[in-house]
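Bear in mind these aren't lab numbers, they're just calculated from the coordinates by the rules spelled out. All figures in this text were calculated on a predicted structure; none of them were measured in a lab. Don't worry about glycine lacking a Cβ; one is built from the backbone with ideal geometry, like all the others, and counts go over all protein chains shown.
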Amino acid sequence: MSLTLIHAPQSRSTTARWMLEEVGVAYEIRHVSVADDEPRSPEHLAANSLGKVPTLDHDGTIVTETGAVCAYLADTFPDANLCPAPGTHERGIYFRWMFFTASAFEPAMIDKALKRAPGPKTMLSYGDFDSTIDVVAGALAKSPYLLGDNFSAADVVLGSNIRWTMMFEVCPKRPEFVDYVARLEARPALQRQLELDAALAQNKA
Ligand SMILES: N[C@@H](CCC(=O)N[C@@H](CS)C(=O)NCC(=O)O)C(=O)O
């Protein structure tokens, strides 16, 4: 079995690497630069013509998009217990947050970070910024994780987004988010990813 992540530290790809650490299987990292002024290698472009990270290569199956990479890993390595079984009530909640991250939370954060005029609420995938924040804070006020007491890949995907955007002062530091991120940062898998990527960023790995 070969599992390779085309990866850049300090990018969205850190979410995929955290997920790999949660899954606990052996994987390889192909460290690439995603700087504007650096060319993408032919191998990177062959796997992902957009030249973006994360890009996962699992025995020749290429998966791109952070949420898809995490969902794929959760399904492919069920022993890690990072997603509910298909057909269950929890699976519906899990899908909700996985897709909400990419289609609502992240666009809301990007529009805010880039100071874009939001446009009409009914046309935006996230409605409006404050309601998007309220929806997530409301879920996290009720339980430690998005699926109640059970940590899942949805927490990797949305939790990572919340963690990054709070660091950049885009997402407000609501107590629900601060407590949630503290719970996530206590996870050994996230700590390993942070250490590994800090070393990689300094070219020590
Ligand atoms: N929709 C993609 C976005 C991936 C993405 O934009 N990655 C950035 C790094 S954070 C990248 O590779 N940028 C380099 C480029 O666009 O050339 C995902 O969720 O994975």
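Would you mind ranking MET123, MET167, MET19 so that the residue whose beta carbon has the fewest other beta carbons within 10 Å leads the list?
If I rank by nearby Cβ atoms, fewest first, I get MET123, MET167, MET19.
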**Message:** Tell me the relative contact order for the chain as a rounded percent, counting alpha carbon contacts under 8 Å between residues six or more apart.
**Reply:** 23 percent
**Asked** Hey, got a sec? Which trypsin sites (Lys or Arg not before Pro) in the range 92-146 land in a DSSP loop and have at most 16 other Cβ atoms within 10 Å?
**Response** LYS115, ARG116, LYS121
**Prompt:** What is the order of ILE93, ILE6, ILE133, ILE110, fewest Cβ neighbours within 10 Å to most?
**Reply:** ILE110, ILE93, ILE133, ILE6
**Item:** Cα-based shape type of the range 68-115, given that a ≥ b ≥ c are square roots of the gyration tensor eigenvalues and the cut on a/c is 1.5
**Value:** prolate
**Prompt:** Which FRET efficiency value, to the nearest 0.05, is calculated for VAL135 and THR76 with the Förster distance at 25 angstrom and r the Cβ-Cβ distance?
**Reply:** 0.25
**Asked** By count of other Cβ within 10 Å, fewest leading, how are LEU124, LEU114, LEU73, LEU56 ordered?
**Response** LEU114, LEU124, LEU73, LEU56
**Complete:** Each label sits 7 Å from Cα toward the beta-carbon; between SER2 and SER143 the label points are separated, in nm, by 4.0 nm
**Asked** Can you give the calculated 222 nm mean residue ellipticity of the chain, where each DSSP H run of n ≥ 4 adds -39,500 (n - 2.57) and the sum is split over every residue, rounded to the nearest 500 deg cm²/dmol?
**Response** -15000 deg cm²/dmol
**Request:** Identify the residues of the range 124-157 with backbone N under 11 Å of a label point that sits 7 angstrom from the Cα of SER103 along the Cα-to-Cβ direction, or state none.
**Result:** 125-126
**Message:** Run through the range 155-205 and list the trypsin sites (Lys or Arg not before Pro) located in a DSSP loop whose Cβ has at most 15 other Cβ atoms within 10 Å.
**Reply:** LYS173, LYS204
